[in-house]
1. Any residue in segment B:41-55 that's facing another protein chain (nearest Cβ under 9 Å) and in contact (Cβ under 8 Å) with a residue 60 or more places away in the chain: show its pairings with residues that are surrounded by 22 or more Cβ atoms within 10 Å (Cβ to Cβ) and assigned to a loop (DSSP other than H, G, I, E, B) at Cβ separation under 9 Å, as long as the two are six or more apart or on different chains.
2. Of the numbered conditions (1) more than 11 Å from chain A (Cβ to nearest Cβ); (2) farther than 27 Å from A:A55 by Cα; (3) hydrophobic (A, V, I, L, M, F, W, C); (4) surrounded by 14 or more Cβ atoms within 10 Å (Cβ to Cβ), B:A78 satisfies every one except a single condition; which is it?
3. What's the number of the condition B:D110 fails, among (1) more than 30 Å from A:P82 (Cα to Cα); (2) exposed (fewer than 15 other Cβ atoms within 10 Å of the Cβ)?
4. Mind listing whichever residues of segment B:48-64 are more than 10 Å from DNA strand C (Cβ to nearest atom) and outside any helix (DSSP H, G or I)?
5. Could you count how many residues in segment B:88-107 are surrounded by fewer than 17 Cβ atoms within 10 Å (Cβ to Cβ) and more than 18 Å from A:R104 (Cα to Cα)?
6. Give the number of residues within segment A:29-40 that are of a type outside the set (D, E, K, R) and either in a helix (DSSP H, G or I) or free of Cβ contacts under 8 Å to residues at least 24 places away in the same chain (or both).
7. If you take the residues of segment A:6-19 that are within 11 Å of DNA strand D (Cβ to nearest atom), assigned to a helix (DSSP H, G or I) and not β-branched (V, I, T), which of them is nearest to the other protein chains (Cβ to nearest Cβ)?
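Nothing in this text is a laboratory measurement; each read-out follows from the coordinates by a stated rule. Note that the structure is a prediction, hence the values are computed from the model and not measured. Neighbour counts run over all protein chains shown; Cβ positions are idealised from the backbone, glycine included.
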Number of protein chains: 2
Amino acid sequence: MRIGELARRTGVSERSLRYYEQQGMLTAERTPGGHREYPEAAVDRVIRIQELFAAGLCSEKIVQLLPCMRDTDGGPSARATPSLVAELTAERARIDRMIADLVRSRDTLDEVIEAARLP
Amino acid sequence: MRIGELARRTGVSERSLRYYEQQGMLTAERTPGGHREYPEAAVDRVIRIQELFAAGLCSEKIVQLLPCMRDTDGGPSARATPSLVAELTAERARIDRMIADLVRSRDTLDEVIEAARLP
DNA sequence: CTTGAATCTGACATGCGTGTCAGGTTCTAG
DNA sequence: CTAGAACCTGACACGCATGTCAGATTCAAG
């Protein structure tokens with residue numbers, strides 16, 4: 001599929017998709033004229049990338065991480081090195097803290113919303 | 001307490017504390033010479049602000065939200081207006097989605113970490 | 001062919017909380 | 001009184017994914 005359709009199906013802008021490619025997170029075949037041609041699996045991959053961004057990982061980490069992931073089209077093509085594992089473990093801890101923060105904030109909002117609904 | 005101690009106790013930089021005040025999220029008494037003097041409750045408040053930032057709320061929303069919160073020193077001093085409630089409800093939904101994303105990303109990391117630990 | 005939609009590259013702009021620096025004033029311990 | 005730590009204001013810079021624009025090229029339908 002081409003970039004427009006991929007953008008529509010993932011909800012990610014074309015601009016961002018080109019950026020992902022530039023950073024090495026996403027690859028695409030090219031038509032003779034130079035237009036990008038994506039495989040079906042690109043949809044899942046883009047969604048994963050978005051999720052990892054939302055989790056606070058930077059492009060560089062994602063680039064390292066992606067080849068170690070079980071993708072839609074087959075198993076992982078690489079194994080995480082020990083130092084990468086260490087970094088990912090730290091990221092994991094950060095994500096845990098982030099979730100805890102989010103839950104607290106959600107509770108805060110609930111309290112305010114509830115207080116406004118009553119008397 | 002003064003700004004240095006508040007910064008130390010919350011882990012938030014002095015720069016940010018001044019910024020919070022500028023945005024109307026935090027107030028401080030002043031010494032005759034112009035130095036900021038914070039009440040004890042400022043510690044909790046700053047931590048709350050940080051959590052809300054982490055949850056993706058912008059200063060403006062936080063400014064509206066804070067007076068409706070049950071603070072350490074007493075009950076809420078304001079009630080959320082219907083339109084604010086609507087916005088907060090939307091924020092709450094966004095936070096829910098964010099949490100779901102984070103859990104997925106954490107699972108992804110776990111998978112990669114685990115795959116590297118095994119044979 | 002033609003024509004309009006889609007895509008290409010490259011460059012500059014934006015948000016927004018935070019870092020940082022400069023130059024000056026205030027506080028506090030000795 | 002004095003020295004040094006702490007604080008003040010104001011201004012500029014950054015990160016970094018994303019928005020946006022310009023000008024050119026390619027694709028696909030008539």
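1. Within 9 Å, no pair qualifies.
2. (1)
3. So B:D110 meets the others, but not (1).
4. Hit for segment B:48-64 is B:A55, nothing else.
5. 2
6. Summing the residues that are of a type outside the set (D, E, K, R) and either in a helix (DSSP H, G or I) or free of Cβ contacts under 8 Å to residues at least 24 places away in the same chain (or both) in segment A:29-40 gives 4.
7. A:S16
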